[in-house]
Structures are given as C-alpha cells and as structure tokens.
Amino acid sequence: MNDENIETVDVDATDAGGVDDLADLDGTDAVEQAEEVVEHDIEALLSERDQFKDIALRLQADFDNFRKRVAAQQSDEVDRAAGRLAEALLPVLDACEAAFTHGVAGVEPIWSALIGALLKQGLEAMDLENKAFDPNHAEAVMHEEGDSEHPVVSEVLRTGYLWRGKVLRAAMVKVRG
C-alpha cells in the first residue's frame, strides 16, 4: 500500500471562507458560501472514502490470492509425499509381480490388494508393449532388429508407473526397430 495517496481532510469551518468570513456577508451570500464549504467537505470525504474502499478491495484480493496459493502449495506437497510413498512401494510390487509370474502360491491376493489400493490413490501401470517407444516413459535396455522405421516396444522387462499422470518410474523395455 502507498500511504502517499491518502489525503486527510480537515473539516474546520474556518478554512476556505469559514465562520469568520461568513459573519461579514449578508444572509444569502453566507448561505451560499456555507453550502460551498459543505459541498467541498463532502466531496473530499467521498474521495477519501473511495480511496479507503479501493485499498480494502485490493487487500481482500491479495488475501484471496495468498489463500489460494497456499492451498495449492499444500496440495502439491501432499501429492509429492504420497508419490514418494508409492515410489518406495514399487520394489514390493515388483517382487509380488515376479512371484506371481513364477507361480508362487498365495501372492496374488496380496499383490492385487496392494496394487488396488495404490490405483485408487493415483498410481497407473503403463501399458507400453507393441506401442511406439517413448524415452519419456521407458528406458530401452535391449534392442533387436526389425522392419519398423520407428522403434516399437517389443517386450516390457520391468513395469513402469505413472503417479497422477506423471512418470513415477520409467519402464525397462526391449525395443524393436
């Protein structure tokens, strides 16, 4: 705020043709001059009121913007913390997936429950097989010759995951092309 823009109005009737000057005038002139002084004072007060109103509106807008910014920052921090927890659980998911793939009994219900809970919170497994290779989503660790002009994912060696639309862990893939 800039205090230089705020004017104070002194409503002393002796200023600008006040009471002392009114005594020297006849009745009509005194009334007219008194009206001018009152109108001037009213205009000054209205101007000052408008300035204070503008200041109050700006302060309210600044506070609303601050509140929204803090809420967005808190939401982002909660998302990052949840993402770090999900990332810490990825080795457990990998172990469950490997055990399930090798036919270990009793792993499937635990793996399903864990992946189901994480899916509800925003985890997504990337389905990249037979799709165009995207280095933003996958890491090519093997390459095989193919007839395609553009590389295509031929096999997923380790599942990649997204957390609320952002890559949490890139997939490890075999690429053909």
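The values are calculated or read from the model by the stated rules, or taken from the named source; none is laboratory data. In this text, all values refer to a predicted model and were calculated from it rather than measured experimentally. Please note: Cβ atoms are built from the backbone with ideal geometry, for glycine as well, and neighbour counts cover all protein chains shown.
Take the residues in region 141-161 that are aliphatic (A, V, I, L, M) and surrounded by fewer than 16 Cβ atoms within 10 Å (Cβ to Cβ); name whichever of them is farthest from Ala82 (Cα to Cα).
The extreme case among them is Met142.
Which condition does Leu128 not pass, out of (1) among the aliphatic types (A, V, I, L, M); (2) farther than 28 Å from Val167 by Cβ; (3) not in a helix (DSSP H, G or I), if it passes all the others?
(2) is the only condition that Leu128 fails.
So which pairs qualify, if the first residue must be in region 61-84 and within 20 Å of Trp163 (Cα to Cα) and touching a residue at least 60 places away in the same chain (Cβ under 8 Å), the second must be of a type in the set (D, E, K, R) and part of a helix (DSSP H, G or I), the Cβ gap must be under 6 Å, and the two must be at least 6 apart or on different chains?
none
Given the criterion at pLDDT 90 or above, out of contact with any Lys or Arg (no Cβ under 7 Å at 6 or more places or on another chain), of a type in the set (Val, Ile, Thr) and part of a helix (DSSP H, G or I), identify the matching residue among Val173, Val78.
Going through Val173, Val78 in turn, the sole match is Val78.
Among the listed residues Ala105, Ala61, Ala72, Ala56, identify the single one that is at pLDDT 90 or above and either surrounded by 13 or more Cβ atoms within 10 Å (Cβ to Cβ) or within 30 Å of Ile115 (Cα to Cα) (or both).
Of the residues listed, the single one that is at pLDDT 90 or above and either surrounded by 13 or more Cβ atoms within 10 Å (Cβ to Cβ) or within 30 Å of Ile115 (Cα to Cα) (or both) is Ala72.
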